[in-house]
Structure formats: structure tokens, C-alpha cells
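As C-alpha cells, the structure follows; a few thoughts come after it.
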């Protein structure tokens, strides 16, 4: 990876969460290949779904993702698929995420290249979503996926749901796939020293984009019953524009209204280094600080 | 670098800051070699000194440092050396700093291996310093270097200044060298909204170890005349034990006594990622956060 000037992350979701042999076959193209690194893959039996995290250089990553999708089409048959998670294809969704020296537009270009390749090779209909979407109503994955695999045969024949690549009919066994570029998502939760769910619920509504809050923040209130507290549980969908510390401080400010305190926060899963360094720079009031000053950033340049 | 499980940094200081051809020869062993990466080198003509920053895996790094020291002994003659910076040898000081998956003790072991090799190969007297020191009075580099190159011929014959490796007489042209392990040093300055030097001076004395402050903090007050403000200018000598945010908050607290505010801070040069992530984790009150959750950390594992 040391020679990679550019790094993109890809998190393909496959509709197979029970047969580990099939999952091993699907991730095989991500192993032992120059310019590609498999970071993680997890299957969920109830969801009947596997989520793979892979990083790589543009080019080698595209090739590996196209191969893995081909294997998934071979080994997964959606006609008998059952699982709790909504899904519309053997490869349900393939997001590309800029990580290092990659612009959002370059991630969009990669997503379109992969969409073009898999549509041609496997006769697979593909919808572009998020930053790659061809129309505003296709930005939201849930809108594309509505009706799921079972409803997609009819939906895709409607003019407004003509796929961006591939035929206007579903792949008989593999359905359809959404491919697109998005920013890294940070799962971020802030804990409050109250057991009153209504307070977390109201604060979530105050800080999230949907109901008047910060542009790149989705959130709900939840109860942590075992701890006797509540939490504002969020997905930060673009930390470069809606900083972690900003929503943290905003929640603290809102909590005052209820005489409640923020007692801590938590990051679930992975977070880009830059999101935390930006937070440190804010609180220390760092002047003229650059990521180039981070030792690890220089080492892996 | 991707295959390096362990990374050590070395920042050798050479007593040549004017002849760029000589400096190029000295850094040559750090170029194009598996397991070693030259990050930076800078020469200072007034100091007549070059500071090199290199990282690498234990083993390959040791070998490269030994080679570079051999070249420095060949091309630098201290008998004609003049420069503002105190110095006692052609290679004045060679610190080894743990960066990734390396314990302080392993860095000490590396420093002793290199000291042993260069003493044997080049007949060079070596003093171990900092964490590698054989006696408390040799921890401080300034104490070892006192008398400089010119005074070292006599000093080294005293029983208490017998070198840890090599002969008890100076190398005729290369003098003596200090080698040791130390923690990463972070140059960290905090700016105050006053032009009163005395306030920066007093606060520096309150927060630094020397006069009763934090264990791994060295500091002085300085004036930033062009900005009309003063600064507490510090070297944080072990950020894993004396956190950046702790000295920042302490300075804020001390400044209150004078009715003065902290207006920002700055990091000069390189800083390990962990120092800033620890700061972010403190201010966000992050629960159960691990470095393993940092995307870049995983990518370069």
C-alpha cells in the first residue's frame, strides 16, 4: 500500500449472510493483490447479508470489485433469498468513498466505471446513487430500493426507473444493484445523563438535517436501558462539512434547556483520522496546522 | 512500508550544515532501501548542522544509521568546525523514537545495538543518553555535551565520563557521539492575548517540570513582537504521559490569574497522530475508543 498515492474505500453489500463458503469465494478477488487491501468482512445471518470493507488504488480496486460482483452473481440466487434487511439484488449496494488524495468527483468517476463494466459484462441493471446519482430522486438509496427484489421486475420497466446502466429488466437471479460515491460515514453517539427518552428524541430532531439541524447529520434518540440513560444516535454523512465537534457542542447547548448534561460520546466502527484531528485542532485553537504535520501521514505518503 | 509491523524513527544530527554535497553523501544510505524511509533533512548554515528524519523497521534502520554515521566520519572533520549550535562530534546525537508497535525498551535496545556497532567499526566513543543512559547524570544530553568537541579530549579521560561504548579517548576528527532512545517530542506553543512578557514567563514556570509543573513539559515564555503578543513555548517530551490538552487547559487556568486569555496554540513540525486523537477523545468524552478504529491505522497495518 505504500506506493499508493490515491486510496479509495469500497463497502459492497452482498445478499449472502449464511453460507460462509460462498462469502469466501466472493471476497477472494480482494486478497493478495497489488494495490488492494481487504480490511474487514462481516456476515449477518438474520439479515442474510455480508458487508465487505476493502481499500485500494483506483484501477486495481475497480477490477477487483468487478470480479467480486461477477462471483456474487454466480453464487447468489435472489429467487430464494430471505432476510430481515431490505435488498434488491445479489449485490445490493456498492459505495465508493474517497480516503486519500481522491476527490469526490474521482470517486464518482470510479463508481461509473464499475457500473459500466458490470452492466456490460454481466447484463446487470445498475442505478447510480448518492453523489453519482443522475437525478435528485435517485440520491437516496432507500428510494431506489423501495419494492425490493420482488417488486423490482415491475418497477424497472417504468420510464422513471430506467436503470443508468444495463438492461431495463432485472437480472433473473441477481436483481439490480446500486453503485455510487459517498463521503465516509461516521457513526457517532452522544450520551445524556437522563433516562428521559423524550429529551434525546427532541435533541436529535434539533440537530439533524431532516428537521432543521446540521446539513450532514442524521439522528434519532434511543434509550440505553442497561445504563439508565438516553443517547442521541447519529450518522455523520460528511464530516468534512459537518464537523464532529460542532454537533457535540450543539447537543451540549440544547441539553441545557432540559437541565441535562452530556456525559460522553462514542464512535462506532471506523473513523477517518482527519475527523479527529480536526476536532483536536478546534479545541486547542491550533493555528496554521496541516495534516502534513502528522507523522503517520508522512510515513505512509 | 506496508509490510513493516514495527516502525522506529531516528533523527540523527550531523555537524555539517554548509556543504550540501557532503550532506547528500551522508543521507544516501537512507534512500531506496527496503524497510527504511527518509522523511526529511534540513541543514542550517549558522548552526553548521544537518538534522535528518528517517523512519524504518528495526534491523534495516540500524544498518542504514550505522552506514550513514560511517560516511559522516569520513567527510566531516571537527577540528575545523565552527557553528552556533553546541556540538561534540561529527555525528552529534542520534535519538531513536518508538513510533508504531515498538516499546520504549525496544528503542533502547536498538540504540545500544547501533552504539555497539559504530564503536567497534569506527573506533568512536559513544555515550548513551535519555532512556538508554547508564547513569542518571547521563540522561541529559546537555550534561554529556558540556565542554563540546574542544573540551571532550580531556573530559572523556575522567573516570566519571568514560564512554559507554568505544575507547576512552575521542576520535581525532569525529569527536564523540550520544546515542539513545527518547519519546517523540512535540514542539507545542500556546498564545496569550497580552504583550506582557512577564505573564508568559510566569506561566511557563508554573506549567513546566523544572519549576514544579507537568512531568514531561519543558517551557519558556517568549515574545511574538510582530503580533504584539506573548507565547508559552514548550517541548512536550512524552505526550503519552503529559497530554497536550492537559498543558493547554492548565495554561488557560493560570492565565485567568492575570485576566489574560488563551487565543490559540500551534504545533511546530511533526506530531504523532495519537497525540491529537487523544486530545479529540478527551474533549468529546469518547468512551471506549481505540486507535484500531482509525481508518488510516487499519489501512497501513
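Any read-out appearing in this document is the output of simple, stated calculations on the displayed coordinates, not a laboratory observation. What you see is a predicted model, and the numbers here were worked out from it, not measured in a lab. Cβ: placed from backbone, ideal geometry, glycine included. Neighbour counts: every protein chain shown.
For residue A:151, the point set 7 Å out from Cα toward Cβ sits 8.5 nm from its twins in the other copies, listed from shortest up. Residue exposure proxy: B:106, B:16, A:150, B:274, ordered by other Cβ atoms within 10 angstrom of their Cβ from fewest to most, comes out as A:150, B:106, B:274, B:16. For the residues of B:259-266, the average number of beta carbons from a partner chain within 10 Å of their own beta carbon is 3.
Once both labels are positioned 7 Å from their Cα atoms along Cα-to-Cβ, the gap between residue A:39 and residue B:261 label points is 3.9 nm.
Ratio of the protein assembly as shown's C-alpha Rg to 2.2 N^0.38 Å, to two decimals?
Dividing the Cα Rg of the protein assembly as shown by 2.2 N^0.38 Å gives 1.16.
Each other copy holds its own label point for residue B:140; taking that point as 7 Å from Cα along Cα to Cβ, the gaps run 6.7 nm, nearest first. Could you tell me the center-to-center distance, by alpha carbons, between the range B:119-140 and the range A:111-157 in angstrom? Going from one Cα centre to the other spans 66 Å.
Rounded to the nearest 10 degrees, the angle from helix B:60-75 to the longest Cα principal axis of chain B is 60 degrees. Once a ≥ b ≥ c are taken as the square roots of the eigenvalues of the Cα gyration tensor of the range B:1-48, is the result rounded (a/c under 1.5), prolate (a/b larger than b/c) or oblate (a/b not larger than b/c)? Taking the square roots of the gyration eigenvalues as a ≥ b ≥ c, the range B:1-48 is prolate.
Taking only the alpha carbons of the range A:7-117, we obtain Rg and Dmax values of 13.5, 42 Å in that order.
Across peptide A:242-249, the average count of Cβ atoms from other chains found within 10 Å of a residue's Cβ is 2.
Listing B:131, B:121, B:21 from fewest to most neighbouring C-beta atoms within 10 Å gives B:21, B:121, B:131.
Helix A:197-207 and the long axis of chain A differ in direction by around 80°, with both axes built from C-alpha atoms.
Per the Debye calculation on the range A:76-129 with a single equal scatterer at every Cα and no solvent contribution, log₁₀ I(q)/I(0) for q = 0.18 Å⁻¹ amounts to -0.71.
Do you know the relative contact order of the range B:167-287, to the nearest whole percent, from alpha carbon pairs under 8 angstrom that are 6+ apart?
Relative contact order for the range B:167-287 comes out at 30 percent.
The order of A:171, A:47, going from fewest to most other C-beta atoms within 10 Å of their C-beta, is A:47, A:171. Working from label points 7 Å from Cα in the Cα-to-Cβ sense, the residue B:123 to residue A:240 distance is 6.0 nm. If you sort the three axes of the alpha carbon gyration tensor as a ≥ b ≥ c, you get a/c of 1.5 or more for the range A:143-296 and a/b no higher than b/c, which makes it oblate.
Residues of the range A:262-301 with an amide N closer than 15 Å to a point placed 7 Å from the Cα of residue A:101 along the Cα-to-Cβ direction: A:292, A:297-301. Remark: spin-label model distance residue A:153-residue A:5 equals 5.0 nm, labels positioned 7 Å along the Cα→Cβ axis. Starting from the label point of residue B:168 at 7 Å along Cα→Cβ, the same points in the other copies fall at 9.6 nm, in ascending order. Ratio of Rg to Rh for the range A:174-235: 1.14 [Cα atoms; Kirkwood radius as inverse mean 1/r over pairs].
The range B:72-91 and the range B:209-247 have their alpha-carbon centroids 31 Å apart.
Value of Rg to Rh for chain B, rounded to two decimals, is 1.00; Kirkwood radius and Rg both from alpha-carbon coordinates. Does the range B:219-259 come out rounded, prolate or oblate, given a ≥ b ≥ c as the square roots of the eigenvalues of its C-alpha gyration tensor, rounded meaning a/c under 1.5 and, failing that, prolate meaning a/b above b/c? It is oblate, given that a/c is not under 1.5 and a/b is not larger than b/c.
Annotation: for a label point projected 7 angstrom from Cα along Cα→Cβ of residue B:84, residues of the range B:31-48 with backbone N closer than 18 Å are B:42-48.
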